[in-house]
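The values are calculated or read from the model by the stated rules, or taken from the named source; none is laboratory data. Treat the numbers as computed from the prediction; the structure is a model and nothing was measured. Virtual Cβ from ideal backbone geometry, glycine too; neighbours counted across all protein chains shown.
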Amino acid sequence: MQVSRDASNQLAIDPNATERLSSLARSNPKEAIRQVASQFEAILLNQMMASMRSNGFDGEEDSSELGTYRGMLDQQMVNAMVQGGGTGLAEMLARQIEGVARIDRAATPAASGGMLPLPALPAATAKAIRQYTEAAGTATTAPAPVAIPSERQAFVSTLLPHAGQAAERLGVAPELLVGHAALESGWGSRSIRHPDGRESYNLFGIKAGGSWRGESVATLTTEYVDGKPRKQVESFRSYPSLQAAFDDYAKLLEGSSRYQRALNQGDNAQGFAVALQQGGYATDPAYARKLAGVAQSLLAR
């Protein structure tokens, strides 16, 4: 991992530079320690910013678009702070590590023949640093894909054949549509049913607005108002089959100007999810993150 040198073009943490840091540790251990310390400081500042944003401020108006923008802005602010000297935490941590490693801060590679080998660290310290670099090296903006439990495989196997045609119309991988259905329906555990027990096949939580001419069903749902969940009864569309549900879903995304950026994303789960949230598909401020995580788990099967 390596701290970004260009604050205007990169984020605070570059998850693809672990190998460069390992090489740097062999040739210039002091610089490697400084960069690792800066990474710790950047992660801490990012967590502080995220915590502050999640608490919100009085009178602040939230929206999915604003939340996405703030997340990007916060990362750039953290990057600028770290490059500008940070809070002093990185410097303190670097001194502590150098003290444990018995590295002379005045020494340079040139003064010791071009190479300054890093002394062996105590086992606990080495283990902590190794765990940190491994974890941070795999960090991404979306949740890491996880294995799909066996009980959910049936849900995926049932829906994939129906998702193919709709996915082709939208220009995305079928797994993205199945992932969206899984998120909205709780992998089929929260299916919307009529009072008489009939299935509505509404996999995507599409509401029955004034333009809907088909059958509908009312049910209790969760909406987010000012970032806070609220239970309320809404009317949802009802379909005669799973295929009809996918067809209507594709028609909705194709025909709405709000969701055009979600089209032709291929297997880009993150881009698809963010575009849907920015289009106002759901009121949950964490919707894009959740959808991307589920969709990526399906793509990684």
Looking only at region 146-166, filter to residues that are touching a residue at least 24 places away in the same chain (Cβ under 8 Å) and closer than 22 Å to GLN265 by Cα; which one of those is nearest to the chain's Cα centre (by Cα)?
VAL146
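With the condition kept exactly as written, say whether any residue in region 265-275 is assigned to a strand (DSSP E or B) and touching a residue at least 60 places away in the same chain (Cβ under 8 Å).
Pass one, region 265-275, residues assigned to a strand (DSSP E or B): 266.
If we keep only those that are touching a residue at least 60 places away in the same chain (Cβ under 8 Å) as well, we get 266.
Checked against the condition, which is being assigned to a strand (DSSP E or B) and touching a residue at least 60 places away in the same chain (Cβ under 8 Å), region 265-275 yields at least one hit.
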Among the listed residues GLN265, GLN296, GLN277, identify the single one that is of a type outside the set (Val, Ile, Thr) and farther than 14 Å from LEU183 by Cβ.
GLN265
Could you please find all residues in region 158-214 being touching a Phe, Trp or Tyr at 6+ places or on another chain (Cβ under 6 Å) and hydroxyl-bearing (Ser, Thr, Tyr)?
TYR201
Would you confirm whether or not region 148-157 contains a residue that is touching a helix residue (DSSP H, G or I) at 6+ places or on another chain (Cβ under 7 Å) and at pLDDT 85 or above?
yes
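Look through region 202-248, keep the residues that are charged (D, E, K, R), under 29 Å from the mean Cα position of the chain (by Cα) and under 23 Å from ALA182 (Cβ atoms), and return whichever of them is modelled with the lowest pLDDT. Steps first, answer last, please.
Within region 202-248, the first condition is being charged (D, E, K, R), and the residues that meet it are 207, 213, 215, 223, 226, 228, 230-231, 234, 237, 247-248.
When the remaining residues are screened for being under 29 Å from the mean Cα position of the chain (by Cα), the result is 207, 223, 226, 228, 230-231, 234, 247-248.
Within this subset, residues satisfying the condition of being under 23 Å from ALA182 (Cβ atoms) are 207, 223, 231, 234, 247-248.
Details: LYS207: 92, GLU223: 82, LYS231: 87, GLU234: 88, ASP247: 97, ASP248: 96.
That would be GLU223.
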Restricted to region 263-281 and to residues being within 16 Å of the chain's Cα centre (by Cα) and among the small types (Gly, Ala, Ser), the residue surrounded by the fewest Cβ atoms within 10 Å (Cβ to Cβ) is GLY271
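Tally the residues that are surrounded by 13 or more Cβ atoms within 10 Å (Cβ to Cβ) and assigned to a loop (DSSP other than H, G, I, E, B), restricting the search to region 192-233. Please lay out each step first, then the result.
Of region 192-233, the ones surrounded by 13 or more Cβ atoms within 10 Å (Cβ to Cβ) are 192-194, 199-206, 208, 212, 215-219, 221, 223-224, 227.
Checking which are assigned to a loop (DSSP other than H, G, I, E, B) leaves us with 192, 194, 200-206, 208, 212, 215, 227.
Within region 192-233, residues that are surrounded by 13 or more Cβ atoms within 10 Å (Cβ to Cβ) and assigned to a loop (DSSP other than H, G, I, E, B) number 13.
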Residue match in region 278-292 (condition: β-branched (Val, Ile, Thr), under 30 Å from ASP226 (Cβ atoms) and at pLDDT 95 or above):
no
Output the qualifying pairs, or none if there are none: Cβ atoms under 9 angstrom, residues six or more apart or on different chains, first residue in region 182-194 and free of Cβ contacts under 8 Å to residues at least 60 places away in the same chain, second residue exposed (fewer than 13 other Cβ atoms within 10 Å of the Cβ) and not polar (S, T, N, Q).
GLU184/ARG190; TRP187/PRO149; TRP187/GLU151; GLY188/ALA154
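Pick out the one residue from GLU175, GLU199 that is in the same structural domain as ARG289 (by TED's automatic domain parsing), out of contact with any Gly (no Cβ under 8 Å at 6 or more places or on another chain) and closer than 22 Å to SER297 by Cα.
Working: GLU199 fails: closer than 22 Å to SER297 by Cα.
Exactly one of GLU175, GLU199 is in the same structural domain as ARG289 (by TED's automatic domain parsing), out of contact with any Gly (no Cβ under 8 Å at 6 or more places or on another chain) and closer than 22 Å to SER297 by Cα, namely GLU175.
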